[in-house]
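Quick notes on the structure that follows.
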Amino acid sequence: MRSIGQQFKTVTPILLIVWLITLLSLLLGIYASTVKDIPLESFTKDPTALMNAPFYLGFFSNIGIMIWSGAAMINLFVAYQIKDNPKERENFLFILFSAFITLMMTLDDLFQLHEFVFPNYFSISDNAVYLTYMNIFLLYFIYFRKRLLASEFTILGLAFFFLGLSTIIDVLPLPIPKDTFLEDAIKLFGIVTWFIYYFRTGNEVLSEK
């Protein structure tokens, strides 16, 4: 059993880095609150509490964010586990880039980047954001095509099918009344399928380590 001193010696650098990032984030919130005259609790308090809304508000959206985050963390964990193994260089790059695009999708879904933030705060149309995302995915598919084909790519294909169908329902004029529940339900299927693919792929990489 490691002594308290040994534990602190090992963990202190990590804690200091994480605490520093957390502190900088909080300071940024204080700065934005001061400059933009935004109540500080707007950055820290739970949205349902701020709006005095029922606890189930955005329930499935929150579940989707949790699953996105889980997939991203799995990729980051696997990448960390194999980073020092020269034989796993290809897998490391594949998993690391997979973590990046999953985080990108998580942040977009969490903060409504393509729907609200980029168009309203940066004057970047949602079509331009969609095009950027498509190019990132295209580069991903081209660069890692061999690694993808060696995996259970049908699962990832199904994930993209569901996510793409959800986007089509959102963007294109359809001959049926728009139903946001249908759109969000299909997206949730896509997110869950995305998680399954990277969970199984990460497990496969670690089992071959």
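Within the range 3-41, the set of residues being touching a helix residue (DSSP H, G or I) at 6+ places or on another chain (Cβ under 8 Å) and either assigned by TED's automatic domain parsing to the domain that holds Gln112 or in a loop (DSSP other than H, G, I, E, B) (or both) comprises Ile38, Pro39, Leu40.
Across the range 69-77, not a single residue is classified as of a type outside the set (A, V, I, L, M, F, W, C) and loosely packed, with under 11 Cβ neighbours inside 10 Å. Does Gly64 satisfy the condition of being exposed (fewer than 14 other Cβ atoms within 10 Å of the Cβ) and among the small types (Gly, Ala, Ser)? Considered against the rule, which asks whether it is exposed (fewer than 14 other Cβ atoms within 10 Å of the Cβ) and among the small types (Gly, Ala, Ser), Gly64 comes out as no. Taken over the range 77-125, the criterion of being outside any loop (DSSP other than H, G, I, E, B) and of a type in the set (Asp, Glu) is satisfied by Glu88, Glu90, Asp108, Asp109, Glu115.
May I ask you to verify whether Tyr56 is of a type outside the set (S, T, N, Q), surrounded by fewer than 16 Cβ atoms within 10 Å (Cβ to Cβ) and in a helix (DSSP H, G or I)? No, not satisfied. For the range 28-61, a tally of residues being in contact (Cβ under 8 Å) with a residue 12 or more places away in the chain and under 28 Å from Glu183 (Cβ atoms) returns 2.
The values are calculated or read from the model by the stated rules, or taken from the named source; none is laboratory data. Computed from a predicted model, the values in this text were never measured in an experiment. Counting neighbours? That spans all protein chains shown, and the Cβs are built from the backbone with ideal geometry, glycine included.
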